[in-house]
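Undergrad: Handing you a structure now.
The values are calculated or read from the model by the stated rules, or taken from the named source; none is laboratory data. All values derive from a computational prediction rather than experimental measurement. We place every Cβ from the backbone using ideal geometry, glycine too, and count neighbours over all the protein chains shown. Just the protein is used for accessible areas: all its heavy atoms, side chains included, with ligands, DNA and RNA removed. Shrake-Rupley method; radii C 1.70, N 1.55, O 1.52, S 1.80 Å.
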Amino acid sequence: MEGIPARARGYAACVALGALLCTLPALPGARTPWWAVALLAALYAGGERFARRRFAGTLHPVLLAGAFLLSPAAAALVPLPGALFSHVERRPFLLRRVWRAAHASLAVWAAARVHAALGGRDAVAGSDLPYALLPAGAAVLVFCAALALLDGGMLALAEGLPLRRACRGLFLRSLAPLAVHGLGGLMMAVLWLSPYGPVAALLVLFPMAVSWWVFAQYHRERAAHQATIRALVQAVDIKDGYTRGHSERVGQASVLIGRELGMDEDMLRFAGILHDVGKLGVPTRLLRKEGPLTPQERRVIELHPEYGHEITRGISFLGEARSAILHHHERIDGKGYPYGLVGSQIPEPARVVAVADAFDAMTSTRSYSRARPVHIALEELRRCAGAQFDPRMVAALAHVIARDGWHPVVTAEEDRPAVPAQSSDDRSEVRR
C-alpha cells in the first residue's frame, strides 16, 4: 500500500464497508432478478476493459441502466465484478480495485434510490416519455455528485487538495459526459423492458462507442498539445534552471484568475506556462550573469516576449495565448515593454499573466531573496494595481486565494542548480 496515506486507506475501507451494506438487501431471499444483474455485470466487466484500453472511458450507460431497471441493492452489484477484476497500472493494486468497485457501487445505489423515489421505474416500465426524463435526470445528477464527493474526499486525504475545490472540479468536468451517458442508460432501460428485449438494449452501445472514439481522438490531440508545451517548458528550464517550476505555477495562477472572471482556462494555462519561452532566444550568459545588467544587456533581455511570440507562431492551438506571451510585461501606465501599450490596449490574457507572473516571483524562494508570505505579495499587487497591473485581475486573484488558498502543484523537478546571480528578467517583476 505504498504511496497511500493511512487516512486515505481508512477512508477507502469505510467506503467499501458502506458499499457492502448497500448490497446486502439483494442477497438470497430477496426478489432479485439475478439474470439481469449477471447480464449487466458481465456486459460492464467485458466492456470496461475494452473501453478503458481503447477509449480511456468507462461504461457508465450500463451502470445507469442498472440504476433505472433494478432495485438500489441489486444495481449496486453491477459494477463490482468489472471493477474488482479491472486492470490497474499502479500499486497498491488491491486497494485501487476495491476503491474503484466501492465508490462506483455507492454512486449507483444512490442514483437508483433517487430514481425509484421519483417513480422512475414505473415510468421506464411504461415507456412514459418524456416524464421518464425527470427521475432519470435527477438520478444522473446524484450519480455525478456521489462520484465527485467520494473521489474528492480521496484526493483531499491522499494529496492534500482542498475538499471543496476537488469536488467542484470533478463534478463540473463529469456532468456533461454523464448527462449523455444517462440518456444512453435510459434508452437501454426502456428498450430492455420493451417487446424487443435486452438484445435491442445492447444496440444503444454502438453509437456510444462512436462518441467514445471521438472523445478519445480529442484526448489524444490534447495529449499531443501537452507534450508540445512540456518540451518547450523543459527547454526553458534547462536554459534558466533556477526558475524551474515557475512556469507551471504561473499557469496555475492564471487559470485561477481566469476562472474567477469567466475566461478561457485552457488558453490562460498555455499562456502562463509559455510566457517565458522567449528566453530560449536570449544568450544564456545574460540569464545567468552575476551582478547588474548594462542598459544594452537589459534591452536584449526585454526582447524575450517578441522571441516567444515568434517561437510559438506556428503552434495554431495556442490562439490568444500568443498575445499574452508577447505582452505580459506591458504595464497599465504604458511604461512596460516591448511596445509600451496603455490600459485596455493590453490584451486581457496578457494582463492576467502579468499578475500571475509577479505573484509567483514574490512568493517563490530565489537565489537572491526569500519567498514573501502570500498576503504580503497580495498587498504589493494591490499597491501596484492601476499603475503596473489591472485592478480587476489583482482583485480576482486576491478573492480566489482568500476563498480557496494557494496550493500550486508542480511536476517539474524542484532541485535547482546553484546559480549565483538572480535571473535578469525576474529582478523587476514588481517595479517600485
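Undergrad: Describe numerically, in nm with one decimal, the distance between label points set 7 Å from Cα along Cα→Cβ at Lys335 and at Arg91.
TA: 5.8 nm
Undergrad: Taking +1 at the Cβ of each Lys and Arg and -1 at the Cβ of each Asp and Glu, which of Ala123, Met188, Val142 sits farthest along the dipole of region 107-223 towards its positive end, judged by Cα position relative to the Cα centre?
TA: The listed residue farthest towards the positive side: Val142.
Undergrad: How about Lys239: which lysines have a C-alpha closer than 26 Å to its C-alpha, ignoring those fewer than 8 places off in the same chain?
TA: Answer for Lys239, where 26 Å is the Cα cut-off: Lys279, Lys289, listed by chain and number.
Undergrad: Using the Cβ atoms and a cut-off under 13 Å, what net charge is assigned to the surroundings of Ala73, where Lys and Arg are +1 and Asp and Glu are -1?
TA: +2
Undergrad: Could you grab the relative contact order for the chain? Cα pairs under 8 Å, six or more apart, rounded to a whole percent.
TA: 12 percent
Undergrad: Can you give the charge dipole size of region 171-266 about its Cα centre, rounded to the nearest 20 debye, using +1 on the beta carbon of Lys and Arg and -1 on the beta carbon of Asp and Glu?
TA: Computed charge dipole of region 171-266: roughly 200 debye.
Undergrad: Could I ask something else about it? If packing is taken as the average number of other Cβ atoms within 10 Å across a peptide's residues, how do 220-227, 311-318 rank, most packed first?
TA: 311-318, 220-227
Undergrad: I would also like to ask the following. Specify the angular offset, from 0 to 90 degrees and rounded to the nearest 10, of the alpha carbon long axis of helix 163-192 from the longest principal axis of the alpha carbons in the chain.
TA: Taking the Cα atoms of the chain, the angle to 163-192 is about 30 degrees.
Undergrad: Using the beta-carbon distance between Tyr218 and His399 and R0 = 35 Å, what value does 1/(1 + (r/R0)^6) give for FRET efficiency, to the nearest 0.05? List each step's numbers first, then the result.
TA: Working: r = 32 Å, r/R0 = 0.92.
The formula returns an efficiency of 0.65 here.
Undergrad: Summarise the accessible area of the chain (1.4 Å probe, protein heavy atoms) by the percent that is carbon and sulfur. Numbers along the way, then the final one.
TA: Numbers: 12510 of 20320 Å².
In the chain, the share of accessible area belonging to carbon and sulfur is 62 percent.
Undergrad: Taking Cα Rg over 2.2 N^0.38 Å as the quantity of interest, determine which of (1) 1.27; (2) 2.15; (3) 1.20 was computed from the displayed structure.
TA: Matching entry in (1) 1.27; (2) 2.15; (3) 1.20: (3).
Undergrad: A follow-up question, please. Sorted by packing (mean other beta-carbon atoms within 10 Å per residue), highest first, where do 58-65, 81-88, 145-152 land?
TA: Output ranking for 58-65, 81-88, 145-152: 58-65, 145-152, 81-88.
Undergrad: Here is a further query. Go through 298-308, 281-291, 252-262 and give me the packing order, highest mean Cβ count within 10 Å leading.
TA: Most protected by this proxy first, the peptides run 252-262, 298-308, 281-291.
Undergrad: Then there's this: Note the angle between two axes, namely the Cα long axis of helix 246-261 and the longest principal axis of the Cα atoms of the chain, as a number of degrees from 0 to 90, rounded to the nearest 10.
TA: The helix 246-261 is inclined about 70 degrees to the chain.
Undergrad: Same structure, new question: Taking amide hydrogens as modeled 1.01 Å from N in the peptide plane, which residues meet the under 5 Å criterion relative to Leu293, leaving out close sequence neighbours?
TA: When sequence neighbours closer than 5 places are left aside, there are no close amide H contacts.
Undergrad: Under a 5 Å amide H to amide H cut-off, with H placed in plane at 1.01 Å, what residues pair with Phe389 once short-range neighbours are removed?
TA: Residues meeting the criterion, in which the H sits 1.01 Å from N, are Ile332.
Undergrad: Then there's this: Where the only charges are on Cβ atoms (+1 Lys, Arg; -1 Asp, Glu), what is the dipole of region 214-324 about its Cα centre, to the nearest 20 debye?
TA: Roughly 340 debye for region 214-324.
Undergrad: Among Met154, Ala67, Leu21, whose Cα sits farthest toward the positive end of the charge dipole of the chain (+1 at Cβ of Lys/Arg, -1 at Cβ of Asp/Glu, about the Cα centre)?
TA: Leu21
Undergrad: Cα axis of helix 6-23 to longest principal axis of the chain: angle in degrees, 0 to 90, nearest 10?
TA: 30 degrees
Undergrad: Placing +1 at every Lys and Arg Cβ and -1 at every Asp and Glu Cβ, with all other atoms neutral, what dipole size does region 7-153 have around its Cα centre, in debye to the nearest 20?
TA: Rounded to the nearest 20 debye, it is 700 debye.
Undergrad: Taking the Cα centroid of region 208-239 and of region 313-348, what is the distance between the two, rounded to the nearest whole Å?
TA: Value for the Cα centre distance between the two parts: 25 Å.
Undergrad: Just going by the charge dipole of the chain, with Lys and Arg at +1 and Asp and Glu at -1 on Cβ, which of Ala102, Val255, Gly272 is farthest out on the positive end?
TA: Result: Ala102, furthest along the dipole toward the positive end.
Undergrad: Let me ask something else. Which length gain, in nm to one decimal place, applies between Thr294 and Leu129 when the Cα-Cα distance is subtracted from 0.36 nm times their residue separation?
TA: 51.8 nm
Undergrad: So, for the chain, what is the accessible surface per residue at a probe of 1.4 Å, expressed in square angstrom?
TA: Working: 20320 Å² over 432 residues.
That works out to 47 Å² per residue.
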